[in-house]
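What follows is a set of notes on a single structure, which appears directly below.
The values are calculated or read from the model by the stated rules, or taken from the named source; none is laboratory data. In this text, all values refer to a predicted model and were calculated from it rather than measured experimentally. Heads up, the Cβs are rebuilt from the backbone with ideal geometry, glycines too, and the neighbour counts pull from every protein chain shown.
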Amino acid sequence: MLDDVEARAVAALIADRSKKISDHGAVYAQLAPAVERFKAKRPEEQDEVRDALDQFVRAYSFLSQVVDFGDVFLEALYLASRALQALLPSEGGGRLDLGSEVELTHLRLEKTGEGDIGPDKGTGELKAIYSGEGKETEEEQERLSAIIQVLNDHFGTALGPADQLFFDQLETTWLGDAQLVAQARANPIENFKLVFADVFLKSIAGRMDDNADIFQRILDDPAFQSIVMNHYLRRVFTQARATGDAT
């Protein structure tokens, strides 16, 4: 939809903070040819263009937080694509509002929420058909499935054992990261969160092929991402420090 010249010209205008944010005339003029090309397409082709733009914008916005692409054109294409999304006509009519649609600080990690989502711990006796020492199987299962239950209840998803396995494997990877564990042992959780947030996003992006649905949900839904990250932030922090105390 956008060629190199158009993308760079639009990005330059958007990045020029000396211009008033309400003055979009120059940006509109640069994007007008792309909008006309869009209007000339068949309805099904227009849907494909919208989907492609949406996927690119979402993917770049997410991955740019964890990967330094080092490509000026990609950044220009991202800014121009977001502006073009706002201009494309839709059933309700398109409009350009760069004040809300284009955010130049998209590379900054933002705090979207904080809270303890862990289930309340109950008390009870471990009963077995034989004597001996061991972990309470039901409690362990409840602990392992806690995040899946929370997400299903909170977002109406239907996550299952395969999704839990995906999270369990990530948790094993985090607890096996000697540097991450050392950071957990040496810092309060508020400081550790700054380190873990970066590792969390890189891990999810690095294993996107293992569970595309989870990756897409974390990419699309900041609230979903926040709940998952905070859950494992506390689990990794607690287990890393417990291991340190034991040694």
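Across region 21-55, which residue is modelled with the highest pLDDT among those that are among the aliphatic types (A, V, I, L, M) and in a loop (DSSP other than H, G, I, E, B)?
Top of the filtered list is A40.
Quick check, is F192 surrounded by 14 or more Cβ atoms within 10 Å (Cβ to Cβ), under 30 Å from D54 (Cα atoms) and either at pLDDT 90 or above or assigned by TED's automatic domain parsing to the domain that holds F62 (or both)? Steps first, answer last, please.
Values: surrounded by 14 or more Cβ atoms within 10 Å (Cβ to Cβ): yes; under 30 Å from D54 (Cα atoms): no; either at pLDDT 90 or above or assigned by TED's automatic domain parsing to the domain that holds F62 (or both): yes.
Criteria not met by F192.
Checking the conditions here, which among R108, R217 is at pLDDT below 85 and either in the same structural domain as V72 (by TED's automatic domain parsing) or within 30 Å of I14 (Cβ to Cβ) (or both)?
On the way: R217 fails: at pLDDT below 85.
None of the others qualify; the one that does is R108.
Hey, could you check region 199-247 for residues that are basic (K, R) and assigned to a helix (DSSP H, G or I) and say which is surrounded by the fewest Cβ atoms within 10 Å (Cβ to Cβ)?
So, considering only residues that are basic (K, R) and assigned to a helix (DSSP H, G or I), the one surrounded by the fewest Cβ atoms within 10 Å (Cβ to Cβ) is K202.
Mind checking which residues of region 11-20 are at pLDDT below 80 and closer than 18 Å to Y78 by Cβ?
Those that are at pLDDT below 80 and closer than 18 Å to Y78 by Cβ: A11, L13, I14, A15, D16, R17.
Among the residues of region 214-247, count how many are in contact (Cβ under 8 Å) with a residue 24 or more places away in the chain and over 8 Å from the mean Cα position of the chain (by Cα).
Residues flagged as in contact (Cβ under 8 Å) with a residue 24 or more places away in the chain and over 8 Å from the mean Cα position of the chain (by Cα) within region 214-247 amount to 20.
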